[in-house]
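One structure is given here, and the rest of the page talks about it.
The values are calculated or read from the model by the stated rules, or taken from the named source; none is laboratory data. Here the structure is a predicted model, which is why all the values come from computation and not from measurement. Cβ atoms come from the backbone with ideal geometry, glycine included; neighbour counts cover every protein chain shown. Keep in mind that these areas ignore ligands, DNA and RNA; they rest on the heavy atoms of the full protein, side chains included. Shrake-Rupley method; radii C 1.70, N 1.55, O 1.52, S 1.80 Å.
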Amino acid sequence: MTTNRRQFIQMAAAGAAGLALPGWALGAPAVPTTGPSGRVVVVGGGMAGATVAKYLRLWGGTRLEVTLIDRSATYVSCVLSNLVLTDAVKMTRLQFTYAALAKNYGIQVVTGEVAAIDPVSKRVALTNGAAYPYDRMVLAPGVEFDTYLGLDSAAAKAKVVHAWKAGPETTTLRNQLVAMKAGGVFLMSIPPAPYRCPPGPYERACVVADYLKRKKPKSKLILLDANAGITAEKASFTRAFTVTHAGVIDYRPGVTINEIDATTLTVKTSAGDIKANVINPIPPHRAGALAAATGVVDVNGRWAGVDVLSYESTAMPGIHVIGDASATTQPKAGHIANQEARVCADAIVRLLSGLAPDPAPVTNSACYSPITANTASWLSVVFQYDAASRTMKAAGGGVMEAEVATKKNYEQMFKWYGNLMGDTFA
Amino acid sequence: MSRTARCGALCALLLLPFAAGAQSAPPPGRLLASNCFQCHGTNGNPTAGFERLAGMSAREVVGELKEMKAKPGEGGIMRVHALGYTDEQLQLIGAFFAQQKPAK
């Protein structure tokens, strides 16, 4: 009773500070007192890192010491961040702290910058001199973005943003859109796959186009795609570009950006120069910098190869890589990162108990994509482990998408978001 | 099968997580069922809508999923998940949620 009351007061305080905290912290499940002994250090507190820390304790028990390190005390969700651009969602709704994870599951949360990970002495060192020894570590560093030619200066970087990691750039892009004149051109670009959130750029194009129609009449959105065609929800987005937002979205597949002039707002592409009022290029991705620095990048010079039974690095034993930084057949996105994290947590608990990982893990990807200000589509697929290829393979009906964008899907999108973030951060 | 034999099998199933001690394998179906947590909450207790799976009978969970599996056009996004699992996996998922306490 007292605990519940105390938690309620803390939640009320967090709410007042404007930080979203799911209500069910009141009924968080208990951490068992049985289980293996050991120390696990998790670096990176995004969707993958926060989830693995939670389930290592929930499934591993109190004798498993879990430390979660991130450079920031607050996580900003990429999921729903496209809706901040049109003021449909406030930034505060994307923000989460690690307070509930620390309180509910006894995770040691550390805010600090990692200087180095030493796989020989098995220690994670921070720039402030602190060091954290581990038996196993989990690296969830997210992604790093390439820099375009022409965007080297600080001024250029401030003027042309990708906003593909939610945060200050999301607000910058929102302000640029609001300030854009009617009849203007909003140019965005999609990098070659694999990139974070396959339907995300198409979704952003739809959300921005819908806003332009309402607030900036006669404006256009040029969407350059480095890929040969739409990479996710092909039927939904084809309909959105050719029917729902026809005349506003100008979709150009197979076009790549060579250089950007931030002063004249000109983009030099493989299909000629284009001038725009707002430029929003999403650059090619690679695994977060810590992955390369630690030596786990072994796929195409960009990604960390893993054994999908445990997400242990194929380059470095004892280090597990989950989320967008890892190279698997699964998409790079928050929903599936949350499940990869549970497969990884389950495997680590088994390994520390002297058992083998589950030989047949299953994961799933699911998301809702807004198409207009009040309709959304969805995309979903279940992956089963295939022992012959040692990869995760789409099962059942394969990748499926909504037949039509509906208001009901738009409402369900917020339920999905609320539960996903609740499971990850509380 | 006699009543005694049935009870024996059931008791063995119920005692399994306790009998093997600290280093035992995790409860069967837990990792599989955790695929539902993103939308239906940790252990099947959602906080922001969607169906509460914690405490539902295995028959109910499996029954709903099998119906979606059988009929094209049923279930929307849930049909993807019904199709993605084998019947045996659906049983394990159902059995896991039947053992979870619904949060108040």
Straight-line reach only, C-alpha to C-alpha below 16 angstrom: list the lysines that residue A:213 could link to, leaving out same-chain residues fewer than 8 apart. A:181
Residue by residue through A:359-366, how many Cβ atoms from other chains fall within 10 Å of the Cβ on average? 5
Working from the pairwise distances between different alpha carbons, so that the mean of 1/r is found and then inverted, what is the stretch A:30-170's Kirkwood radius in Å? 16.9 Å
Provide the packing ranking of A:115-125, A:199-209, i.e. peptides ordered by the mean count of other C-beta atoms within 10 Å per residue, highest first. A:199-209, A:115-125
What order, most packed first, do the peptides A:254-261, B:34-41 have when packing is the mean number of other Cβ atoms within 10 Å of each residue? B:34-41, A:254-261
Could you list the residues of the stretch A:191-228 with an amide nitrogen less than 19 Å from a label point located 7 Å from the Cα of residue A:87 in the Cα-to-C-beta direction? A:207-219
Across bins of 10 angstrom width beginning at 0, how are the C-alpha pair distances of the stretch A:89-138 distributed, in whole percent? 21, 36, 31, 10, 2
Tail beyond 16 Å, pair distance distribution of the stretch A:134-219 (Cα, percent): 64 percent
By the DSSP-based rule, helices of chain A that are at least 20 Å long along the axis (C-alpha) and have a mean Kyte score of at least 0.0 are A:334-352
Give the relative contact order (percent, whole number) for chain A; include only Cα pairs under 8 Å separated by 6+ residues. 17 percent
Inter-chain shielding of A:144-152 (mean C-beta neighbours from other protein chains, 10 Å cut-off): 0
Could you tally the net charge around residue A:281, taking each other residue with its Cβ under 11 Å from the Cβ of residue A:281, Lys/Arg +1 and Asp/Glu -1? -2
Any aspartates and glutamates with Cα under 15 Å of the residue A:415 Cα? List them, leaving off those in the same chain fewer than 8 positions away. A:423, B:51
If you count, for every residue in A:32-44, the Cβ atoms of partner chains within 10 Å of its Cβ, what is the mean? 1
Report the Stokes-Einstein translational diffusion coefficient (µm² s⁻¹, integer) for the stretch A:286-402, Rh taken as the Kirkwood radius over Cα pairs, at 4 °C with viscosity 1.567 mPa s. 86 µm²/s
Grab the beta carbon distance between residue A:268 and residue A:154, set R0 = 30 Å, and tell me the FRET efficiency rounded to 0.05. 0.90
Net length gained if the chain between residue A:235 and residue A:175 were fully extended (0.36 nm per residue, minus Cα distance): 18.5 nm
Averaged per residue, the 1.4 Å probe accessible area of the protein assembly as shown, protein heavy atoms only, in Å², is roughly 41 Å²
Normalised contact order of the stretch A:350-413, rounded percent, pairs of Cα under 8 Å and 6 or more residues apart: 32 percent
Within the stretch A:202-223, backbone nitrogen closer than 12 Å to the virtual label 7 Å beyond the Cα of residue A:407 toward Cβ: none
Past 29 Å, Cα to Cα, is the threshold; run A:103/B:69; A:165/A:220; A:54/B:101; A:90/A:216; A:54/A:159 against it and keep the listed order. A:103/B:69; A:54/A:159
Take the Cα atoms of the protein assembly as shown, build their convex hull, and give its volume per residue in Å³. 158 Å³
Would you mind telling me the share, in percent, of accessible area of chain A contributed by carbon and sulfur at probe 1.4 angstrom? 55 percent
Within the stretch A:99-115, list the residues whose amide N lies under 18 Å from a label point set 7 Å along Cα→Cβ of residue A:62. A:101-109
From Cα pairs below 8 angstrom and at least 6 apart in sequence, can you work out the relative contact order of the stretch A:197-304, rounded to a whole percent? 18 percent
